[in-house]
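The values are calculated or read from the model by the stated rules, or taken from the named source; none is laboratory data. Not measured: the values here are computed from a predicted model. Cβ atoms come from the backbone with ideal geometry, glycine included; neighbour counts cover every protein chain shown.
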Amino acid sequence: MENAVLCWRFDRFARSTKHLITALEEFRHLGIDFISYQENIDTSSPLGKAVFTIVGAIAESERNIIVERIKGGLRKAKDQGKKLGRRPIIDKRLIETIHSMRNQGVSLRDIGKTLNVSKSLVHKSCQKLNPPSSKISTT
């Protein structure tokens, strides 16, 4: 065997059986064997090719089941009124403080240092107060 693609697990190589088979055909045309270390599958033999296709289909099915379970869990949580996604980075009181300091003429950098937040977070908060068309000094 001269040329081969060796991977730890072939389900890490491709996400669908179609992609696995397409890649396998491409490798075959190029004279390259495909070997999966963990599954001990060597596509240089006819039996290895058959096992490769079967195991690929099973891996794709498992992945689809996991996706369905996750989507179902998210739907259930949403139906129960749970809030999905990340929490807001800053709360209303912090935004009000930023706006108050900015209205007093404090620079974005100084506001960030005083409140221990990044200058970009201060800038984003000020953009909500003033539309992007107005220029905000960043000094």
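L108 meets the conditions (1) modelled with pLDDT under 85; (2) surrounded by 14 or more Cβ atoms within 10 Å (Cβ to Cβ) in every case but one. The failed one is (1). Would you mention how many residues in the range 90-105 are surrounded by 10 or more Cβ atoms within 10 Å (Cβ to Cβ) and part of a helix (DSSP H, G or I)? Within the range 90-105, residues that are surrounded by 10 or more Cβ atoms within 10 Å (Cβ to Cβ) and part of a helix (DSSP H, G or I) number 10. Among the residues of the range 1-17, the ones that are surrounded by 12 or more Cβ atoms within 10 Å (Cβ to Cβ), part of a helix (DSSP H, G or I) and at pLDDT 75 or above come to 0 in all. Restricting the range 18-56 to residues that are at pLDDT 80 or above, of a type in the set (A, V, I, L, M, F, W, C) and farther than 17 Å from E2 by Cα leaves a set whose member that is farthest from the chain's Cα centre (by Cα) is L47. Within the range 25-36, is there a residue that is assigned to a helix (DSSP H, G or I), outside the structural domain of S118 (by TED's automatic domain parsing), surrounded by 13 or more Cβ atoms within 10 Å (Cβ to Cβ) and out of contact with any strand residue (DSSP E or B) (no Cβ under 6 Å at 6 or more places or on another chain)? There is at least one residue in the range 25-36 that is assigned to a helix (DSSP H, G or I), outside the structural domain of S118 (by TED's automatic domain parsing), surrounded by 13 or more Cβ atoms within 10 Å (Cβ to Cβ) and out of contact with any strand residue (DSSP E or B) (no Cβ under 6 Å at 6 or more places or on another chain). Considering only the range 76-89, I want to know if a residue exists there that is surrounded by 11 or more Cβ atoms within 10 Å (Cβ to Cβ) and either modelled with pLDDT of 85 or more or not hydrophobic (A, V, I, L, M, F, W, C) (or both). There is at least one residue in the range 76-89 that is surrounded by 11 or more Cβ atoms within 10 Å (Cβ to Cβ) and either modelled with pLDDT of 85 or more or not hydrophobic (A, V, I, L, M, F, W, C) (or both).
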